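The values are calculated or read from the model by the stated rules, or taken from the named source; none is laboratory data. Computed from a predicted model, the values in this text were never measured in an experiment. Methodologically, a virtual Cβ is constructed for each residue, glycine included, from the backbone with ideal geometry; neighbour enumeration extends over all protein chains shown. Surface accessibility is based on the protein's heavy atoms, side chains included, excluding ligands, DNA and RNA. Shrake-Rupley method; radii C 1.70, N 1.55, O 1.52, S 1.80 Å.
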Amino acid sequence: SLSLSLSLSLCLSLYLSLSLSRPLISPDLPRSPPDLPQAFDLKKTLDMDPEFLNTDGEHEHDNSVSSISIIQPGNVDLELVQKWVGQLLQEKGAQIYRMKGVLSISNADDKFVYQAVHMLFRGNFDDKWEAGEPRESKLVFIGKNLDEKELRDGFNACIDTPEVLEKRIKTLRFAMGTKVECKTGGGWVKGEVVAHMYRDEFMPPGMVAPYQVKLDSGELIWAPEDVNNLIRKG
């Protein structure tokens, strides 16, 4: 189903892991994802913590503890930032005392507000980006022996650019026109890849499907993930 996968220890709760476990995404799916539990209200958060988005950092007495702030104009790719944060929390979660901020996600009209303590992460899409408001991501890390260059390089690799899109397309297993089989509720069905990195208005915020497939029946569907148990060579 399109239920959210809240794996607090390893991945973002960004609508982000929109359970790519569903065998097939097709036009009869619900038009919008369910509500995210433990959601943020950005206005209330700022009322309680006016410094929530302060990028000047937070200071500690321990010299090994530092704060690192990142401000990045533009949008980031949902899948790439999901993988980055998941790996970051898995490998460095013990060192990261707190993460917080706002992300500007491609193909999403709302800001994604989040915070994490060690490996526990929560967040949600909140207020809309206003007309004329610069779209940018703001991140604050507080922790022990943080590597600023590593954090900046990791986040910069998530920025959504034409070059990143081209690189992602090159990693896909099936070229345009390839005959494939897709796993559906009724079993495996035959079709042909007709688009890469497909998105339409009915998809959840930020989500992009690796393939759009035209079935032999003429129906257009999209595969949520490029894995063999969902889509395979025909």
Answer in debye to the nearest 20: the dipole magnitude of segment 102-234 about its Cα centre, from +1 Lys/Arg and -1 Asp/Glu charges placed on Cβ, is 600 debye
Check: C-alpha center segment 134-192 vs C-alpha center segment 205-221, spacing in Å is 17 Å
Counting only protein heavy atoms and leaving out ligands, DNA and RNA, the solvent-accessible surface of C158 at a 1.4 Å probe, in Å² to the nearest 10, equals 0 Å²
When the charge dipole of segment 150-234 is computed with +1 at the Cβ of Lys and Arg and -1 at the Cβ of Asp and Glu, the Cα pointing farthest to the positive end, of V189, F155, P224, is that of V189
With all protein chains in place and a 1.4 Å probe, T171 shows an accessible area in Å² (nearest 10) of 100 Å²
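Using only the Cα atoms of segment 152-213, build the gyration tensor, take square roots of its eigenvalues as a ≥ b ≥ c, and label the shape rounded, prolate or oblate: rounded if a/c is under 1.5, else prolate if a/b is larger than b/c, else oblate.
The shape class here is prolate.
So between N229 and D127, what do we pick up on full extension, going 0.36 nm a residue minus the alpha carbon distance?
My answer for the length gained is 33.1 nm.
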In nm², the average projected area of the convex hull spanned by the Cα atoms of segment 57-169 is 7.4 nm²
Of the listed links K92/K138; K128/K183; K167/K214; K100/K167; K128/K190; K83/K144, those spanning more than 31 angstrom between alpha carbons are K128/K183; K128/K190
Residues whose modelled amide H sits under 5 Å from the amide H of A108, counting only those 5 or more places away in sequence or on another chain, are G206
